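J.: Please find one structure pasted underneath; my questions will follow.
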Amino acid sequence: MQRILFSALFLSSFCFAQKTDTLDFNQIQKIDSATSEKKKEIKTRVIDDVVITGTIKPISKSKSPVAVEIYSQKFFQKNPTPNIFEAIAMVNGVKPQLNCSVCNTGDIHINGLEGPYTMILIDGMPIVSSLSTVYGLSGIPNSLIDRIEVVKGPASSLYGSEAMGGVINIITKNALTAPKLSVDLMTTSWAENNVDLSTKFNLGKNAASLLSINYFNFTKRFDENNDNFTDGALQNRISVFNKWNFQRKENRQASFALRYLYEDRFGGEIQWNKSYRGSGEIYGESIYTNRVEAFGVYQWPMEENIVTQFSYNFHDQNSFYGTNPFTATQKVAFAQTYWDKKLGNHDLIVGATFKRTFYDDNTPGTLSSDGVMNEPMKSPILGAFIQDQWEINEKNTLLLGYRFDYDKIHHAVHSPRFAWKFSPNPYHTLRFNFGTGFRVVNLFTEDHAALTGSRDVVIQSNLKPEKSINGNLNYVWKIPVGEKLINLDASAFYTYFSNKIVSDFDTDPEKIIYDNLNGYGISRGASLILDYTFNFPLSVNLGVTYLDVYQKFDGENEKSQQFHAPKWSGTYNLTYKFPGNLTIDFTGQFYGPMRLPVLPNDYRPEYSPFYNLANIQVSKSFKSGFEVYGGIKNLFNFTPENPLMRPFDPFDKNADDPISNPNHYTFDTTYGYAPMQKIRGFLGVKYTLK
């Protein structure tokens, strides 16, 4: 939900390559009439980003009772990547998780919760969901980004299903303020070639259009661990994006955008070619994706602040996982209208939503109850929500929210929300959030393991929607150090799940068994982010997260740790600027041991080792608008060991041989927990014409 004409406020965030709470005291020296103490207070308020995701409407970050993290495009350019999925790893507590070591499908975990609990928005619209979460995330180029807002914790009272773990809102560039021309060309020593081109043109004084084209090509096959499988999924992808923004009276909003994505992806045995697609001779996972998106926003031409938002997406997937075909089509239409009304110290929002999903595939998930006829899913969901943000006084703000959703399968779902912000002075802010979440599940679009063909899928019963109760405590402390500020951002969170749907890999190594958990699930932990710019040209951003994510079954004392949820993880981002516009960026993520899906009698360890993915970049910018950059990815050359079980027999032709396979191992792709790409260099050039 982008307030397009607040661009003047947004510009402040563009100047910082990290979260923009760290300020230079020199910015307020012109306020000569202020006292010394008053200057320090102003110093904490001079730059205050406008955020949208936490409360559905533009509000300054310091005023928001919901903790929202903001990351500009320049933040992600410190470690250049071709898509959002890889870039988001730079955010503390957010982990892009590879779910298949062959085709490299993935999802995004927030605070240890699996990808289906994360809602991905584009300009506030639920564009990325269900089928598109499997491969759609890698199809969103970084060139589209203005900034990304992250809310950790349930937001179902505003956004409905899928927002149980958190929300990532990708806010695209505004055509009215975008550069006239932008070019970014990058390649790596693994022959990963990325091209970003965008141009802006005006139509009169009140309309502008942004046309952006992204092309990514990676077709060179690598097998450096000698298992006869590609170390990285080959990809040939193009994305075309066109956005229109309109200047209207009284800064009313109006924008419309279209995007088309095509991708040809393959992972498998090195000798595979398309003549083997779907055959049982040489194993390959081949996925063709066609996707169309349309979304926009329009503020009604009247005195009252009424806004309508709308989106539509079409996704077609044609794929083979070995000999198993998976074809699926999804169409999602979404519309939302809300009324924003200021009543004294109360800021009231009332809205209604409509979402209709059409989904069809060739799996048992879309068969009729008799198991004979195909029965595509058609699920309209009606929703209504109300939210009151009450500014009690300068120190206290209270937010109360409630959402009601109804569909014919799950009937009524209620989602209340409560948030409180206490800020005794500009240096300390305490936020407490409490709410519930819910999620309606489509297994075959959310769990790639159900599609690989390495296991049979068993649905134990009629699955009920998942529900959660969450509490989140956030504390921000701005510590004056000379003429600078150290920014500390600490959070503690706790989520209780009921009706949690679990995938059982342990009962039978040849099956995945889905059922509502006969018990409960817990996600709890804490995180800390430190942000500081020294008096010399060094800036540091460090983050660490502790997680305890587990399930507990009724009648059992032991808890089962969730897969791919490390107890400890963190991020680091160090930038040093030399004279002459020369900059060095050292970035990376570290992960502690995480539980992995092993087979019975598996020779591979059940927990991964501690590992570190580090990157270094050197960049040089010129007054002419050119910038040259280069560096090294995966600096310490880490890759997982034995990500595939029995890669020499991917069709399990000899799995039952008691002599060669006494432990009854089967081909399995789910063990991988980190990219298989080893150390590699990259080089790029940019040109921007303002």
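The values are calculated or read from the model by the stated rules, or taken from the named source; none is laboratory data. As the structure is a prediction and not an experimental result, all values here were calculated from the model. We place every Cβ from the backbone using ideal geometry, glycine too, and count neighbours over all the protein chains shown.
J.: Out of the residues in the stretch 248-268 that are among the polar types (S, T, N, Q) and either touching a strand residue (DSSP E or B) at 6+ places or on another chain (Cβ under 7 Å) or in a strand (DSSP E or B) (or both), which is modelled with the highest pLDDT?
T.: Only one residue fits best here, namely Ser255.
J.: Still on this structure, please answer the following. Looking at (1) part of a strand (DSSP E or B); (2) surrounded by fewer than 21 Cβ atoms within 10 Å (Cβ to Cβ), which is the only condition Gln317 fails?
T.: Checking Gln317 against (1) part of a strand (DSSP E or B); (2) surrounded by fewer than 21 Cβ atoms within 10 Å (Cβ to Cβ), the one that fails is (2).
J.: Shifting gears a bit: Report, by residue number, each residue of the stretch 186-225 that is in a loop (DSSP other than H, G, I, E, B), in contact (Cβ under 8 Å) with a residue 40 or more places away in the chain, under 27 Å from Glu641 (Cα atoms) and not hydrophobic (A, V, I, L, M, F, W, C).
T.: Ser189, Glu192, Arg221, Asp223, Glu224, Asn225 - these are the residues of the stretch 186-225 that are in a loop (DSSP other than H, G, I, E, B), in contact (Cβ under 8 Å) with a residue 40 or more places away in the chain, under 27 Å from Glu641 (Cα atoms) and not hydrophobic (A, V, I, L, M, F, W, C).
J.: Going by the conditions given, is Ile171 of a type in the set (A, V, I, L, M, F, W, C), at pLDDT 85 or above and touching a helix residue (DSSP H, G or I) at 6+ places or on another chain (Cβ under 6 Å)?
T.: no
J.: Condition first: hydroxyl-bearing (Ser, Thr, Tyr), buried (at least 19 other Cβ atoms within 10 Å of the Cβ), in contact with a Pro (Cβ under 7 Å, 6 or more places away or on another chain) and modelled with pLDDT under 90. Can you find one or more residues in the stretch 653-670 that meet it?
T.: yes
J.: Name the residues in the stretch 269-309 that are under 22 Å from Phe320 (Cα atoms), of a type in the set (Gly, Ala, Ser) and assigned to a strand (DSSP E or B), would you?
T.: Once the filter is applied, which keeps residues that are under 22 Å from Phe320 (Cα atoms), of a type in the set (Gly, Ala, Ser) and assigned to a strand (DSSP E or B), the stretch 269-309 yields Gly284, Ser286.
J.: Name, by its number, the condition in (1) surrounded by fewer than 15 Cβ atoms within 10 Å (Cβ to Cβ); (2) closer than 30 Å to Pro424 by Cα that does not hold for Pro380.
T.: (2)
J.: So, one more: Quick check on this structure: which one of Gly371, Gly383 is at pLDDT below 95, of a type outside the set (A, V, I, L, M) and in contact with a Pro (Cβ under 9 Å, 6 or more places away or on another chain)?
T.: Answer to the check: Gly371.
J.: Is it the case that the stretch 406-426 has a residue that's in contact with a His (Cβ under 9 Å, 6 or more places away or on another chain), at pLDDT 90 or above and not in a loop (DSSP other than H, G, I, E, B)?
T.: Yes, the stretch 406-426 contains a residue that is in contact with a His (Cβ under 9 Å, 6 or more places away or on another chain), at pLDDT 90 or above and not in a loop (DSSP other than H, G, I, E, B).
Yes/no per residue for (1) more than 25 Å from Gly383 (Cβ to Cβ); (2) in contact (Cβ under 8 Å) with a residue 60 or more places away in the chain; (3) touching a Ser or Thr at 6+ places or on another chain (Cβ under 8 Å):
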| site | (1), (2), (3) |
| --- | --- |
| Leu399 | no, yes, yes |
| Tyr402 | no, yes, yes |
| Asp405 | no, yes, yes |
| His411 | no, no, no |
| Pro416 | no, yes, yes |
| Pro424 | yes, no, no |
| Tyr427 | yes, yes, yes |
| Leu430 | yes, no, yes |
| Thr436 | no, yes, yes |
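J.: Among the numbered criteria (1) modelled with pLDDT of 95 or more; (2) of a type in the set (Ser, Thr, Tyr); (3) surrounded by 24 or more Cβ atoms within 10 Å (Cβ to Cβ), which one does Ser209 miss?
T.: (3)
J.: Name the residues in the stretch 471-494 that are touching a Gly at 6+ places or on another chain (Cβ under 9 Å) and outside any strand (DSSP E or B), would you?
T.: Hits for the stretch 471-494: nothing passes.
J.: Return a yes/no flag: does the stretch 619-626 have any residue that is outside any loop (DSSP other than H, G, I, E, B) and within 21 Å of Val544 (Cβ to Cβ).
T.: Taking every residue of the stretch 619-626 in turn, none turns out to be outside any loop (DSSP other than H, G, I, E, B) and within 21 Å of Val544 (Cβ to Cβ).
J.: If the requirement is being surrounded by fewer than 17 Cβ atoms within 10 Å (Cβ to Cβ), at pLDDT 85 or above and farther than 21 Å from Lys61 by Cα, which of these qualifies: Thr337, Thr353?
T.: Thr337
J.: So is Tyr603 out of contact with any Leu (no Cβ under 9 Å at 6 or more places or on another chain) and of a type in the set (Phe, Trp, Tyr) or not?
T.: On the way: out of contact with any Leu (no Cβ under 9 Å at 6 or more places or on another chain): yes; of a type in the set (Phe, Trp, Tyr): yes.
Yes: the conditions hold for Tyr603.
J.: Any chance the stretch 355-373 includes a residue that's among the polar types (S, T, N, Q), part of a strand (DSSP E or B), touching a residue at least 24 places away in the same chain (Cβ under 8 Å) and closer than 28 Å to Arg248 by Cα?
T.: Filtering the stretch 355-373 down to residues among the polar types (S, T, N, Q) leaves 357, 362-363, 366, 368-369.
From what's left, part of a strand (DSSP E or B): 357.
Among the residues that remain, those that are also touching a residue at least 24 places away in the same chain (Cβ under 8 Å) are: 357.
From the residues that got through so far, the ones that are closer than 28 Å to Arg248 by Cα too are none.
Checked against the condition, which is being among the polar types (S, T, N, Q), part of a strand (DSSP E or B), touching a residue at least 24 places away in the same chain (Cβ under 8 Å) and closer than 28 Å to Arg248 by Cα, the stretch 355-373 yields no hits at all.
This table checks each residue for (1) more than 25 Å from Tyr276 (Cβ to Cβ); (2) in contact (Cβ under 8 Å) with a residue 60 or more places away in the chain.
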| position | (1), (2) |
| --- | --- |
| Asn313 | yes, yes |
| Ser319 | no, yes |
| Pro325 | no, no |
| Ala328 | no, yes |
| Ala333 | yes, no |
| Asp340 | yes, yes |
| Asn345 | yes, no |
| Thr353 | yes, yes |
